[in-house]
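Novice: Following this message is one structure expressed as structure tokens.
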Amino acid sequence: MDNATLTLGNEVLELPMVVGSEGEKAVDIRKLRAGTGTITLDSGYGNTGSCESAITFIDGEKGILRHRGYSIEDLTANSTFTEVAYLLIYGELPSEEELATFEERLTHHSLLHEDMKKFFEGYPANAPPMSVLSTIVASLSAFYDESTQEDELELNVIRLIAKIKTIAAFAYKKSIGQPYIYPRNDLDYSSDFLHMMFAVPSEEYEVDPLVSKTLNRLMILHADHEQNCSTSTVRMVGSSGANLFGSISAGISALSGPLHGGANSAVIKMLNMIAEDGGNVDKYVELAKDKSSDFRLMGFGHRVYKNFDPRARVIKSSADAVLDQLGIDDPLLDIAKKLERVALEDEYFAARRLYPNVDFYSGILYRAMGIPTNMFTVMFALGRLPGWIAQWLEMKNDPGTRIYRPRQVYVGENGRSYVPIAERGVVSAG
Ligand code: ACO
């Protein structure tokens, strides 16, 4: 493909083009500043590629999501979360033997160091579980230092996937004042998590296979999503040479925000608010359009998807069936469907190409599974972990990686001389 030509005043600069394996085109501006003293300005990085990546492909116009070439529809219909984790991290679907070894390693590293239990005890009972998750994941680096042994990083990847579900379940148990339930080696990944969440020592607890299957599917749907806010954070932190646990912990914090992973609980809060207000969906659609109000339809809109979010389509298709089979009649599902219908018919949403995203329906399924609202974003983090790890490893192993360090356009004061305090007037009350 021909180079791109940039004209800056009298200067003409040839910039190479990079074409991805799915035909995506990029102008390579890596030499721009050195050649011209000029930078690009792209707040929110909507037009900026931060890396070349072979993990996940998204076509937001067509609503396509593929991991390592496999479509999300194919993976959710046929695969398991641990198999998808393997695919993301190692690049290929595992053989039977490879998967068995991977799963066995995940099973045998799922215990937390007993000393870590003291950390949970120090938190107030109402601590947000995402804060607990991110800090406990960061403190894993104090127990498993990957700088001391050569093969420690590979083992730390296993440890992290194995232990995150134990950390998440312990955080929940702490928040409700129940004893911690230890992992069980005879259960698969999602069933073990459900058992640690819901079992109590005094009672028999059987994991419902439908709930486990639904969780497995939800985790696959969240497993990776190329250079989103939390993944870029993971890569950015790691680009300085920071360890795996610290980088993932930063990603968990990035995910917690309501514009990102926090949207799934924000959706339920919004649906509850609409229900309590008599179910007047039109009123809230009008409010979301009103630029003088802060209200947005949570679970609507996406930076990349401008057609539909394929993950939302998969969730929506199973929401009815799962709720039916579990015998749950959730009035919030009816409100969600009505809201979706009204918004999709509305000119405002059509013109801006705003469609339901993955978070619009995931909360309804989490509720049906008995997961409390403040744990929803933790569930997202559990699912996204293999993606973060795969992206972090790709960043680390790419010889082209440089420390992430964007530029800025400075718009503050020009150089001026220091004024002694006695000569300064009062500038502000603050
Ligand atoms: N409700 C009402 N209006 C919206 C919404 C919404 N949910 N989302 C975007 N818009 C409007 C904006 O006001 C803006 O309108 P304007 O052009 O008249 O100013 C236009 O659509 C474009 O929106 P931006 O905020 O510029 O889009 P951006 O790509 O920066 O943001 C985001 C994407 C953050 C997802 C946004 O759509 C949003 O806030 N959605 C609600 C939160 C949410 O569901 N987040 C989850 C995202 S998916 C995920 O993380 C898994």
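Novice: Take the solvent-accessible surface of the protein heavy atoms, probe 1.4 Å, and return the percent of it on the chain that carbon and sulfur atoms account for.
Specialist: Numbers: 11040 of 22100 Å².
Of all accessible area on the chain, carbon and sulfur atoms account for 50 percent.
Novice: Another one. What does the extension gain come out to for R30 and A100, with contour length at 0.36 nm per residue minus their alpha carbon separation? Could you put the intermediate results ahead of the total?
Specialist: On the way: separation 70, 0.36 × 70 = 25.20 nm, distance 4.35 nm.
Extending this stretch completely gives an extra 20.9 nm.
Novice: Can you give me the convex hull volume of the Cα atoms of segment 4-49, divided per residue and expressed in Å³? Write out the running numbers ahead of the final one.
Specialist: Numbers: hull volume 3.7 nm³, N = 46.
In segment 4-49, the Cα hull volume divided by residue count equals 80 Å³.
Novice: Just the number please: accessible area per residue for the chain, 1.4 Å probe, all protein chains included, in Å². Present the calculation step by step, with values, prior to reporting the outcome.
Specialist: Working: 22100 Å² over 430 residues.
The answer is 51 Å² per residue.
Novice: Using a 7 Å offset from the Cα along the Cα-to-Cβ direction at both S43 and E73, what is the distance between the two label points in nm, to one decimal?
Specialist: Between S43 and E73, the simple spin-label model gives 3.9 nm.
Novice: By how many nm would the segment from D294 to K118 grow when fully extended, if each residue of separation counts as 0.36 nm and the alpha-carbon distance is taken off?
Specialist: Numbers: separation 176, 0.36 × 176 = 63.36 nm, distance 4.05 nm.
Full extension of this stretch gives 59.3 nm more.
Novice: Let me know the Rg and Dmax you get for segment 308-430 when you use only its Cα atoms, in Å.
Specialist: When restricted to Cα atoms, segment 308-430 yields Rg and Dmax of 24.9, 76 Å.
Novice: If you don't mind, there's one more thing I want to ask. At what distance in angstrom do the alpha carbon centres of segment 66-114 and segment 225-281 lie from each other?
Specialist: About 23 Å separates the Cα centre of segment 66-114 from the one of segment 225-281.
Novice: May I pose another question? Describe numerically, in nm with one decimal, the distance between label points set 7 Å from Cα along Cα→Cβ at E11 and at L210.
Specialist: Roughly 6.6 nm, to one decimal.
Novice: Tell me, what is the FRET efficiency for I64 and S147 to the nearest 0.05, using R0 = 56 angstrom and their Cβ-Cβ distance as r? All intermediate terms of the calculation are to be shown ahead of the outcome.
Specialist: Numbers: r = 39 Å, r/R0 = 0.70.
Using R0 = 56 Å, I get an efficiency of 0.90.
Novice: Over all pairs of distinct alpha carbons, what does the Kirkwood formula give as the hydrodynamic radius of segment 263-368, in Å? Please report the intermediate quantities before stating the final value.
Specialist: Details: mean 1/r = 0.0718 Å⁻¹.
One decimal place: 13.9 Å for the Kirkwood radius.
Novice: Another question, then. Scaled to the compact-protein estimate 2.2 N^0.38 Å, what is the alpha-carbon radius of gyration of segment 199-292, rounded to two decimal places?
Specialist: Working: Rg = 19.1 Å, N = 94, 2.2 N^0.38 = 12.4 Å.
Against the empirical 2.2 N^0.38 Å value, I get 1.54 for segment 199-292.
Novice: Using a Gaussian network model of the chain with C-alpha springs under 10 Å, which one of M375, M273, M197 is most mobile by mean-square fluctuation?
Specialist: M273
Novice: Within segment 286-394, which GluC sites (Glu not before Pro) sit in a loop by DSSP and count at most 14 neighbouring Cβ atoms inside 10 Å?
Specialist: Values: sites: E286, E340, E345, E347, E394; in loops: E345.
Sites meeting the loop and neighbour criteria: E345.
Novice: Moving on. Starting with the highest mean, order 229-238, 170-179 by the number of other Cβ atoms within 10 Å, averaged over the residues of each peptide. Walk me through the numbers on the way to the answer.
Specialist: On the way: 229-238: 22.9, 170-179: 17.2.
The most tightly packed comes first, giving 229-238, 170-179.
Novice: Write down, largest first, the equivalent ellipsoid semi-axes of the chain in whole Å, where each equals the square root of 5 times an eigenvalue of the alpha-carbon gyration tensor. Numbers along the way, then the final one.
Specialist: Numbers: eigenvalues 267, 168, 132 Å².
Calculated on Cα positions only, the semi-axes equal 37, 29, 26 Å.
Novice: Full-extension gain between L344 and D2, please, as 0.36 nm times their residue separation minus the C-alpha to C-alpha distance.
Specialist: On the way: separation 342, 0.36 × 342 = 123.12 nm, distance 4.03 nm.
Contour length minus Cα-Cα distance gives 119.1 nm.
Novice: Among all helices in the chain defined by DSSP H, which have a length of 30 Å or more along the axis from Cα atoms plus a Kyte-Doolittle mean of at least 0.0? Kindly include the intermediate steps, with their values, before the conclusion.
Specialist: Details: long enough: 152-176 (35 Å, 0.59); 376-397 (32 Å, 0.42).
Long hydrophobic helices here: 152-176, 376-397.
Novice: Cut-off 10 angstrom, C-alpha nodes, Gaussian network model of the chain. Which of S202, S317, S131 fluctuates the most?
Specialist: Maximum among the listed residues: S202.
Novice: Checking the a/c ratio against 1.5 first, then a/b against b/c, what shape does the Cα gyration tensor give for segment 1-136? The partial results should precede the final answer.
Specialist: Values: a/c = 3.03, a/b = 1.67, b/c = 1.82.
Because a/c hits 1.5 or more and a/b fails to exceed b/c, segment 1-136 counts as oblate.
The values are calculated or read from the model by the stated rules, or taken from the named source; none is laboratory data. Predicted, not measured: the structure shown is a model, and the values here were computed from it. Methodologically, a virtual Cβ is constructed for each residue, glycine included, from the backbone with ideal geometry; neighbour enumeration extends over all protein chains shown. Accessible surface areas use protein heavy atoms only, side chains included; no ligands, DNA or RNA. Shrake-Rupley method; radii C 1.70, N 1.55, O 1.52, S 1.80 Å.
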